[in-house]
Amino acid sequence: MTSLMLGELSPDEKILQSHIRDLIEISGRGYKACFSRFLTEREQIVAEAVAHAMGFSGYRFFSGHEGGERAVFGVSGGDDAPDDAAFPVCAVTVRYRKIDVLTHRDFLGAIMSLMIKRESVGDILIREGIAVLFLLDSVAEIVSEELVKVKNAGVECAVGYPAELPGGPEFEDIEGVISSLRLDCLVAMLTDVSREKAEKLIRSGIVTKAGVECKTPSKLVSEEEKISIKGYGKYIFCGTGEKTKKGRIHINCKKYR
């Protein structure tokens, strides 16, 4: 994960910092496992930074599946981190007609309508006619029993995993050439606007970098960093290629479909 200085935290992240510290201390005093809610990728970076600052290594993150984005932070109270079975993460499989086209937003909205907080919901994997919802144990039964419609489609839910998980997110490959690895240069290329317009977009607060709002056009981007531009999409900066004769940089990105 990306390294982080704890002095850079926002007010909400400072609350998370205190929470993670409490989990580690409580776990250590009672030699018992303690767990967070689902954390975003940025929040996972914060949690990891707190653990490192405390000199603690007996932790891990668990999403419920390989390569997940949202994950629960878990500590065991000893040197070894909790195993998968210890985490309060449950999968709910949702089946519906293949002719019904449902999106991540549709499922999330339907879950929120059950008065369930976003922090209780992890990744949502979707394929034609099937979705797998990763949830905290505390809300899995509610969802499995009360989620009967998503958007205008009737659905059937069951606790547990299907024989094969739906695939992860799909991407569109994007290649381009920029003058430097500054955020404004990358945003200009991704949105096909001038660098001046890209700077205005960044300063307006619609751009997030590694999960946190960034209003500084001159910030440098790092390989595998995620950039989100409201109204344009979410991207992964994959890395650079060779420079042109004029010193410009070939870059590779992926855009979430």
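The values are calculated or read from the model by the stated rules, or taken from the named source; none is laboratory data. The structure presented is a predicted model; accordingly, all values stated were derived computationally and were not measured. Reconstructed Cβ throughout: ideal geometry from the backbone, glycine too, with neighbour counts over all protein chains shown. Areas reflect the complete protein model, heavy atoms only, side chains present, ligands, DNA and RNA absent. Shrake-Rupley method; radii C 1.70, N 1.55, O 1.52, S 1.80 Å.
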Using a Gaussian network model of the chain whose springs link C-alpha atoms within less than 10 Å, name the residue from K226, K98, K32 with the highest mean-square fluctuation. K98
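Quick check: net charge around P217, other residues with Cβ under 15 Å of its Cβ, Lys/Arg +1 and Asp/Glu -1? Could the numbers behind the result be given before it?
Numbers: positive: R182, R195, K197, K200, R203, K209, K215, K219; negative: D184, E196, E199, E213.
That works out to +4.
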Using only the Cα atoms of the range 1-103, build the gyration tensor, take square roots of its eigenvalues as a ≥ b ≥ c, and label the shape rounded, prolate or oblate: rounded if a/c is under 1.5, else prolate if a/b is larger than b/c, else oblate. oblate
Summing Lys, Arg as +1 and Asp, Glu as -1, what charge do residues with Cβ under 13 Å from the Cβ of F62 carry, F62 excluded? -3
Would you be so kind as to identify all helices of the chain, as entire DSSP H runs, whose Cα atoms reach 15 Å or more along the helix's own axis and whose mean Kyte-Doolittle hydropathy is at least -0.5? 41-53
Name the long-range amide H neighbours of V89: under 5 Å, sequence gap of 5 or more, or other chain; modelled H, no Pro or chain starts. D137
Given a 1.4 Å probe, how much area per residue of the chain is accessible, in Å²? 55
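Could you rank the peptides 244-250, 154-160 by their average count of other C-beta atoms within 10 Å per residue, with the highest value first?
Working: 244-250: 10.7, 154-160: 13.9.
In descending order of packing, they fall as 154-160, 244-250.
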Have a look at I130, L9, P217 and report the one farthest towards the positive end of the charge dipole of the chain, computed about the Cα centre with Cβ charges (Lys/Arg +1, Asp/Glu -1). P217
Computed for the chain: size of charge dipole around the Cα centre, +1 on C-beta of each Lys and Arg, -1 on C-beta of each Asp and Glu, debye to nearest 20, value 1180
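Size of the dipole of the range 1-125 about the Cα centre, Lys and Arg at +1 and Asp and Glu at -1 on the beta carbon, nothing else charged, in debye to 20? Numbers along the way, then the final one.
Numbers: 14 positive and 18 negative charges, 98 e Å.
Approximately 480 debye in magnitude.
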